[in-house]
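Below is one structure, written out as structure tokens; comments come after it.
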Amino acid sequence: MLKLQEAILPEEGLTHRIKHTIHQLGYPQLRQIRCESMGSTLILQGELSSWYELQLILKIAVNEPEVERVENQIRVHSGNQFSLVAD
């Protein structure tokens, strides 16, 4: 018996690929990052504990061929302070 798969919209496919690639990195804290796509814009949200982790996420995002713009709303917690990174 064949199972029917849910139809994946192009934007959902992009978000799924980005999340899958992020999860493959093996950093548990990166799994908390939320991403949405609106057309060719990728929106990243959440909190991380290092600038290195942020760089990993952004590298994945900009290397995706369908992404033309990244809206970075990720906050980096370093010590006792949070910093908002502007896009």
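Full-extension gain between residue 24 and residue 50, please, as 0.36 nm times their residue separation minus the C-alpha to C-alpha distance.
Separation in residues times 0.36 nm, less the Cα-Cα distance, equals 7.5 nm.
Want the number for residue 78 to residue 62: 0.36 nm per residue separation, take away the alpha-carbon distance, what's left?
So the chain would gain 3.4 nm between residue 78 and residue 62.
Please list, ordered by chain and number, the residues whose modelled amide H lies under 5 Å from the amide H of residue 49; skip anything fewer than 5 residues away on the same chain.
77
Each value in this text was obtained by applying a stated rule to the coordinates, not by laboratory testing. Bear in mind the structure is a predicted one, so any value in this text is a computation, not a measurement.
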